[in-house]
Amino acid sequence: MDLSEVIATRRSIRKFRAEDVADEDVKEILNAARLAPSANNLQPWKFIVVRNEKKRRLIAQACFGQEFIGEAPVVIVACATGRGGCIGGYMESWPVDVAIAMTHLVLAAWAKGLGTCWIGAFDEDRIKEICQIPPEVRVVAVTPLGYPVKIPQATTRRPLEKIYCEDIFVE
Ligand SMILES: Cc1cc2nc3c(=O)[nH]c(=O)nc-3n(C[C@H](O)[C@H](O)[C@H](O)COP(=O)(O)O)c2cc1C
């Protein structure tokens, strides 16, 4: 699959086969995250790879009972470890940096036939407790990782003409 095919065919996966994910595949996916750009090249991220079933199930509960998360053989918790980067003089860069790295991870996984589902609904304190994450580190996203049972239909997107304009901002 070339990059445009990976982008076009990726779906959020919420049902996983029991089949395990090889450690070398997980490492390859994490390496794609490692190569992401970041403000001032701060690379303010750490990815916690959770294979332990009990912990996976606890994480799913901490994601407000999204049980499918714990059914994947691997759960990844994306954390922000650093501060200091700034965007546009008003915005902290760490959530953006971690989101870019997470996007690399998601697309690299899909290129290997592995499904993910970006999870933004979680109780940060509970995730921190489960994974022993220090207070100053923030949880940005969670994703299950595993082989999809089936690939869902594409969800809709706004038409291309609606998402860009030329030279000046036009509603
Ligand atoms: C920031 C963010 C938070 C999300 N949170 C959740 C979530 O908590 N649970 C879930 O099932 N999907 C979640 N999603 C997945 C979206 O629902 C999904 O990406 C969107 O519906 C488009 O579908 P697609 O990914 O299959 O193209 C989230 C996605 C993003 C980017």
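Please state the relative contact order of the stretch 3-162 as a whole percent: Cα pairs under 8 Å, 6+ residues apart? It would help to have the intermediate numbers written out before the result.
On the way: 289 pairs, mean separation 54.5, N = 160.
It comes to 34 percent, rounded to a whole number.
The loop-placed chymotrypsin sites (Phe, Trp or Tyr not before Pro) in the stretch 60-152, going by DSSP, that have at most 13 neighbouring Cβ atoms within 10 Å of their Cβ come out as Phe64, Tyr90.
Which percent of the accessible heavy-atom area of the stretch 122-171 goes to carbon and sulfur, probe 1.4 angstrom? Can you show the working numbers first?
On the way: 2080 of 3970 Å².
Roughly 52 percent, rounded to a whole number.
Calculate how many DSSP beta bridges within the chain are antiparallel, expressed in % of all such bridges and rounded to the nearest 5. Mind dumping the intermediate values first?
On the way: 19 of 20 bridges.
In the chain, approximately 95 percent of DSSP beta bridges are antiparallel ones.
The protection proxy used here, the mean number of other Cβ atoms lying within 10 Å of each residue, ranks peptides 123-132, 96-105 as follows, highest first: 96-105, 123-132. Taking the protein heavy atoms of the stretch 39-81 in the context of the full set of protein chains, the accessible area attributed to carbon and sulfur is 48 percent at 1.4 Å.
Report the local net charge at Phe47: Lys and Arg +1, Asp and Glu -1, summed over other residues whose C-beta lies under 12 Å from its C-beta. Each step should come with its number before you reach the end.
Values: positive: Lys27, Arg34, Lys46; negative: none.
With Lys, Arg at +1 and Asp, Glu at -1, the net is +3.
Which of the three applies to the stretch 37-171, rounded, prolate or oblate, going by the alpha-carbon gyration tensor with a ≥ b ≥ c and a/c under 1.5 meaning rounded? Oblate. Kindly identify the stretch 74-145 as rounded, prolate or oblate by the Cα gyration tensor criterion: order the square roots of the eigenvalues as a ≥ b ≥ c, call it rounded if a/c is under 1.5, otherwise compare a/b with b/c, prolate if a/b is larger, else oblate. Oblate, because a/c is 1.5 or more while a/b does not exceed b/c. Computed over protein heavy atoms with a 1.4 Å probe, the accessible surface of the stretch 51-137 works out to 45 Å² per residue.
Given +1 on the Cβ of Lys and Arg, -1 on the Cβ of Asp and Glu, and no further charges, what dipole in debye does the chain carry about its Cα centre, rounded to the nearest 20? Show your work: numbers first, answer last.
Working: 22 positive and 22 negative charges, 105 e Å.
Charge dipole of the chain: 500 debye, to the nearest 20.
Pairs of lysine residues in the stretch 3-162 that meet both criteria, 8 or more places apart or on different chains and Cα atoms under 27 Å apart, total 24.
The values are calculated or read from the model by the stated rules, or taken from the named source; none is laboratory data. Note that the structure is a prediction, hence the values are computed from the model and not measured. All Cβ positions, even for glycine, are placed from backbone atoms using ideal geometry, and neighbour counts span all protein chains on display. Quick note on the areas: whole protein, heavy atoms, side chains included, nothing else; ligands and nucleic acids left out. Shrake-Rupley method; radii C 1.70, N 1.55, O 1.52, S 1.80 Å.
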